[in-house]
Amino acid sequence: MKRLAILTSGGDCSGMNATIRAAARTAISQNVEMIGYRKGYAGLVKNDFIPLDTMAVAGILQRGGTFLQSARSQEFRTEEGRKKALDNLMREGVEGLIVVGGDGSLTGALALDRMGFPVIGIPASIDNDIPFTDMSLGVDTALNNIIYAVDCIKDTASSHDRAFIVEVMGRGSGYLASTAAVATGAEFAIVPEIEFDLSEMCGHLRQRHQEGRNNAIILMAEGAGQAHELAAGIKDTIGFEVRVTVLGHYQRGGSPTVFDRLLGSRYGKRAVELLLSGTKGVMVGLSCHAMVTTLLEAVIKGEKRPQDEILKMAEVLGI
């Protein structure tokens, strides 16, 4: 192979730039040219790309988000759009593509693979909901952002005798909520995977207030309900005033942690190595600190199990 390409698709996350940088530098070290498509599959359909030489990827390691940018592409979802994308890849002499993104992005990678084009997927989702990898790119940075925010909220909660409901990302996965709850000592974590008893929670919080504990933190995954509705449901029943903080897109950004910088670098390097060795149609993942590969088809059909250890720990610690 003489020319490879990379794109970042779907929701952005910290560590994507480290991945791009590592992929480009690894390719260059093997005398292979690397290009980067702007704005994900939309750029692939429009044939909008830039060369990724050493200067292009200099100074991006510490930046959050993706300097290639990301976007949704309705056109790529169509057969005609995918054919246009494939024609562009062939026209530019690209012999392999690396796709960095979540389940939707990896579904697009699988579509290209089924069309016969060599593709490697890299999991990037702060929800940590992609199967066959212990950690997706951006999760650790998002967790650190959440923990910093909750620690700050805890200060004001204790100053004003209040309970705070903090809504975090996680449409179908409660990983961020449950893990952050353990790390911050929150009183409750409400996640999509487990039904919760509102009256039981209110009774527990009311008892805490009667014991003289003057604040409470409830972490709630966005997919488990609406934080403002929950606040209205427990208002005037637990002894505390109730406030809501929705962290939203704050969780996605910021300088990547050491873990995400290293993980992105490992993912990018390994993806290039796999393409150059003739491997295609797989996703690179992390398992027990080792790089592993799984067929894209299995990834798309698979489902990420809840982190049983985290959930059991939360129960033992009274969350």
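The values are calculated or read from the model by the stated rules, or taken from the named source; none is laboratory data. Computed from a prediction, not measured in an experiment: that's the story for all the values here. Here Cβ is always computed from backbone atoms with ideal geometry, including for glycine, and neighbour counts include all displayed protein chains. Protein only, heavy atoms only, side chains kept; ligands, DNA and RNA dropped before computing areas. Shrake-Rupley method; radii C 1.70, N 1.55, O 1.52, S 1.80 Å.
Spatial offset of the range 132-146 relative to the range 276-296 amounts to 18 Å, using the alpha carbon center of each.
The antiparallel fraction among DSSP beta bridges confined to the chain stands at about 20%. Hey, for a label at C152 modelled as a point 7 Å past Cα toward Cβ, could you say which residues of the range 252-294 have their backbone N under 20 Å away? Residues passing the 20 Å test: 252-258.
Pairwise inverse Cα distances across the chain, averaged and inverted, put the Kirkwood hydrodynamic radius at 20.6 Å.
A 21 angstrom limit on the alpha carbon distance is what I want to check against. Which of K84/K301; K84/K269; K2/K301; K154/K235; K39/K280 exceed it?
On the way: K84/K301 26 Å; K84/K269 28 Å; K2/K301 32 Å; K154/K235 19 Å; K39/K280 23 Å.
From the list (K84/K301; K84/K269; K2/K301; K154/K235; K39/K280), the Cα-Cα distance tops 21 Å for K84/K301; K84/K269; K2/K301; K39/K280.
When the Gaussian network model of the chain links Cα atoms closer than 10 Å, the mean-square fluctuations of H228, H209, H289 top out at H289. Computed over protein heavy atoms with a 1.4 Å probe, the accessible surface of the range 10-88 works out to 46 Å² per residue. Counting heavy atoms of the protein chains alone, E95 has an accessible area of about 70 Å² for a 1.4 Å probe. Between 0 and 90 degrees, the angle of helix 175-184 with respect to the longest Cα principal axis of the chain falls at about 50 degrees.
Given +1 at the Cβ of Lys and Arg, -1 at the Cβ of Asp and Glu and no other charges, the dipole of the range 91-179 around its Cα centre is 160 debye to the nearest 20. Under the convention that each Lys and Arg Cβ holds +1 and each Asp and Glu Cβ holds -1, the size of the dipole of the chain around its Cα centre is about 1200 debye.
Full extension of the chain between T279 and F259 gives 4.6 nm of extra length, using 0.36 nm per residue less the Cα-Cα distance. The Cβ shell under 12 Å around L52 holds other residues with a net charge of +2, Lys and Arg each +1, Asp and Glu each -1. Only helical runs count toward this figure. For the chain, summing -39,500 (n - 2.57) over DSSP H runs of n ≥ 4 and dividing by all residues gives -13000 deg cm²/dmol at 222 nm. The largest accessible area among F259, F76, F67 belongs to the first residue in F259, F67, F76, and the rest follow in falling order (1.4 Å probe, all chains).
When a 1.4 Å probe is rolled over the protein heavy atoms, the share of accessible surface on the chain that falls to carbon and sulfur comes to 49 percent.
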